[in-house]
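Below you'll find the structure, written out as structure tokens, and then a few comments.
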Amino acid sequence: MSAMRLRFGCSLTYELIQPTPMIILLNAHYSRASDLERPDTIVCNPSTHIENYRDIFGNWCARLVAPTGRFTIGAEGVIRDPGLSDPVGSSATQHRVQELPADTLTYLLPSRYCENDVLSSHAWDLFAAAPLGWARVQAVCDYVHKNVAFGYEHARATRTASETLAERRGVCRDFAHLAIALCRALNIPARYCTGYVSDIGQPSPYPPMDFAAWMEVYLGGRWWVFDPRNNDRRFGRVLVARGRDAADVPLTHGFGPHTLTDFRVWIDVADS
């Protein structure tokens, strides 16, 4: 597929009963900054002061105080994309823990939604015989994709990886959390990613667009994308944020009562 321009964006509307501080993670990740043809500047209605900062994982964040009443926040940008699918590294090898770079070690530890300590025995029972490296991670993704039923009606903000395994259902963040926890239990660094994934190259009809969750694993000296929810290689993936799990990278976090009343996400080929 040839290089392309992608229009991407989102709009979220809330009803608030009082002024409410919020943290926002909606901008394209800094690693894609040089690809932005039109930056995805955050816009609020009614307008309010926005302060930008970077969190401990390097993600672009914004903080604001949303006013009482109806409040809409959104962003839209245009990004140049090489038109390549997620890269494949079938020969990527697994590192021994003692050889891993220090900055990957945090992605071996249990986190809020990825309790790899709880799932350790289960992970080794399932995957001890799987070849090391890429093939083992793919075996994890195959298992999660096959054994967890996807459905928006299954969404629950507090579901952990072990609960996903027990309930066998969830949304994309649950697929990612379970695969991450299993990889960490197998001594493979894995981190949570959120952002946009287009339907380019997929058969229609397309489901309603939403933000997506996937994971990156450290093999062969670099990080690789794996998508246990879709379990295939996709075109037009735009990263927004990375962390240990979804608790580190909420798209919005409000410090007070707030009700989401409208939510729209889009990513498609931009007009020439």
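Observations, loosely collected:
- Against the numbered list (1) more than 16 Å from the chain's Cα centre (by Cα); (2) touching a residue at least 24 places away in the same chain (Cβ under 8 Å), Thr160 comes up short only at (1).
- Those residues of region 29-68 which are touching a Phe, Trp or Tyr at 6+ places or on another chain (Cβ under 8 Å), closer than 14 Å to Phe8 by Cβ and without any contact (Cβ under 8 Å) to a residue 40 or more places away in the chain, in sequence order: Asp40
- Pairs linking a residue in region 100-115 that is within 10 Å of Ile180 (Cβ to Cβ) to a residue that is surrounded by fewer than 14 Cβ atoms within 10 Å (Cβ to Cβ) and of a type in the set (Val, Ile, Thr), with Cβ atoms under 9 Å and 6 or more positions apart or on different chains, are Tyr113/Thr158.
- Breaking point among (1) within 30 Å of Ala166 (Cβ to Cβ); (2) surrounded by fewer than 14 Cβ atoms within 10 Å (Cβ to Cβ), for Asp86: (2)
- Answer residue from region 56-76, given it is touching a Gly at 6+ places or on another chain (Cβ under 8 Å) and outside any strand (DSSP E or B) and is surrounded by the fewest Cβ atoms within 10 Å (Cβ to Cβ) among those: Phe57
- Screening Leu108, Leu84 for residues that are under 30 Å from Gly236 (Cα atoms) and modelled with pLDDT under 95 leaves exactly one candidate, Leu84.
- When residues of region 65-104 are limited to those that are among the basic types (Lys, Arg) and out of contact with any Lys or Arg (no Cβ under 7 Å at 6 or more places or on another chain), the one farthest from Leu26 (Cα to Cα): Arg96
- Region 203-219, subset in a loop (DSSP other than H, G, I, E, B) and surrounded by 14 or more Cβ atoms within 10 Å (Cβ to Cβ), residue farthest from the chain's Cα centre (by Cα): Met209
The values are calculated or read from the model by the stated rules, or taken from the named source; none is laboratory data. From a predicted model like this one, the values you see are computed outputs, not experimental measurements. Every residue, glycine among them, receives a Cβ derived from its backbone with ideal geometry; neighbour counts consider all protein chains shown.
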